[in-house]
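Novice: Provided herewith is a single structure, encoded as structure tokens, for subsequent inquiry.
The values are calculated or read from the model by the stated rules, or taken from the named source; none is laboratory data. Quantities reported herein were computed from a predicted structural model and do not represent experimental measurements.
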Amino acid sequence: MKDGTLATEIDKIHGLDPAEHKKRDTRFARFEVSLAPELPKSLGAVKTVESVENRLLELEMAERARSIDMKACMTELTQFQLEYYKRLEQMEKKLDEALVGLAAKCDKLEKVVQRYKT
């Protein structure tokens, strides 16, 4: 890096003749080689206010969508619960009516059994 080889190669990539551009125009403060993706470390640090605002707007829209979905799910759940409780009450009512009928039949059978016992 200090001998300018990297800068020369960068100039060649950009189509600049290295002989014409012998002067260094930038200095590398820190250069690291890794197997990570090609995102520079400084890219995350240099965020503009607009990018942060855009991210906040995206999050707010996602929150609104989730809250709408949650409200829809809660409405469906309450409707299901109401229908379930209505069915349960109907079943209890039928069961009570059947128990009253069974109690009457049991009373009749007990009277018949009492007659035959005596």
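Novice: Look through the stretch 79-118, keep the residues that are more than 59 Å from the chain's Cα centre (by Cα) and among the hydroxyl-bearing types (Ser, Thr, Tyr), and return whichever of them is modelled with the lowest pLDDT.
Specialist: THR118
Novice: Still on this structure, please answer the following. Determine whether THR5 is among the polar types (S, T, N, Q) and either on the phi > 0 side of the Ramachandran plot or at pLDDT below 70 (or both).
Specialist: Answer is no for this residue.
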